[in-house]
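Reviewing the structure listed below.
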Amino acid sequence: MPQYLSVHFQGPIDQLEMDIAFNITCPGITGIRGPSGCGKTSLLRGIAGLHHFPKGHCRLGDETWQDDTTFLPPWKRAIGYVPQDGGLFAHLSVEKNLRFGMSHRQGKDLFYEEIVDALRLHALLKRSTQALSGGERQRVAIGRALLTQPKLLLMDEPLSALDVNIKNEILVYIKDFLTQKQIHTLYVSHDSEELRMIASHILDWPSIQHAE
């Protein structure tokens, strides 16, 4: 029996008044496309529990993360989140960033070498995250999120700083990995070709606004 990601958020965030709703069958890779400033990042932050919309709900299968009586904090949601800036821990090395969140998982090294190889991170492992380029930070952030083996992965323009050739290689790996592990993903990008390559279906922003 299929699971569903069900989201309905209403209320303000920053300068926006949000009213969005959708239901998606899981697993799959859902691309989210829309103009800058429309609220795509705010949507992901709401799902991750980093912003509490005053009205609405967020459910994944039989797990309720938000409704009229419930609001789980981010660390109680089985979510991997890759923000636009990478969100890395400045006081930890690349390797320690990658291994963050793995310590209590059985088989914690099962995918580690595979992911480090695929994202070309071996040469970076001992470096400080403060010394990384934008593209390097994005690759580390993607690896860290994948290594937590989340039930839901949120990716906000995760490859925007990468060279197109590296981007295409990594897109193929990410899609294969997420499909194999059946990790449902929301993937935000302005790049229609990028979304075409990775997404199983695409939500255009106007279609999820102004919910009844």
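Checking the condition surrounded by 16 or more Cβ atoms within 10 Å (Cβ to Cβ), assigned to a helix (DSSP H, G or I) and polar (S, T, N, Q), which residue from 130, 149, 180, 138 passes?
138
Could you grab me the full set of residues in segment 162-197 that are out of contact with any Gly (no Cβ under 9 Å at 6 or more places or on another chain), of a type in the set (Lys, Arg) and modelled with pLDDT of 90 or more?
175 - this is the single residue of segment 162-197 that is out of contact with any Gly (no Cβ under 9 Å at 6 or more places or on another chain), of a type in the set (Lys, Arg) and modelled with pLDDT of 90 or more.
Quick check: anything in segment 26-40 among the hydrophobic types (A, V, I, L, M, F, W, C) and either surrounded by fewer than 17 Cβ atoms within 10 Å (Cβ to Cβ) or in a loop (DSSP other than H, G, I, E, B) (or both)?
Yes: one or more hits.
Being in contact with a strand residue (DSSP E or B) (Cβ under 7 Å, 6 or more places away or on another chain) and of a type in the set (Ser, Thr, Tyr) narrows it down to one of 41, 69, so name that one.
41
Filter segment 183-206 for residues that are assigned to a helix (DSSP H, G or I) and touching a strand residue (DSSP E or B) at 6+ places or on another chain (Cβ under 9 Å); which is surrounded by the most Cβ atoms within 10 Å (Cβ to Cβ)?
The selected residue is 198.
Please enumerate the residues belonging to segment 155-176 that are in contact (Cβ under 8 Å) with a residue 60 or more places away in the chain and either among the basic types (Lys, Arg) or on the phi < 0 side of the Ramachandran plot (or both).
Selection gives 155, 156, 158, 160, 175.
The values are calculated or read from the model by the stated rules, or taken from the named source; none is laboratory data. Note that the coordinates shown come from a computational prediction; the quantities given were computed from them, not determined experimentally. Positions of Cβ are generated from backbone atoms using ideal geometry, with glycine treated the same way; all protein chains shown enter the neighbour counts.
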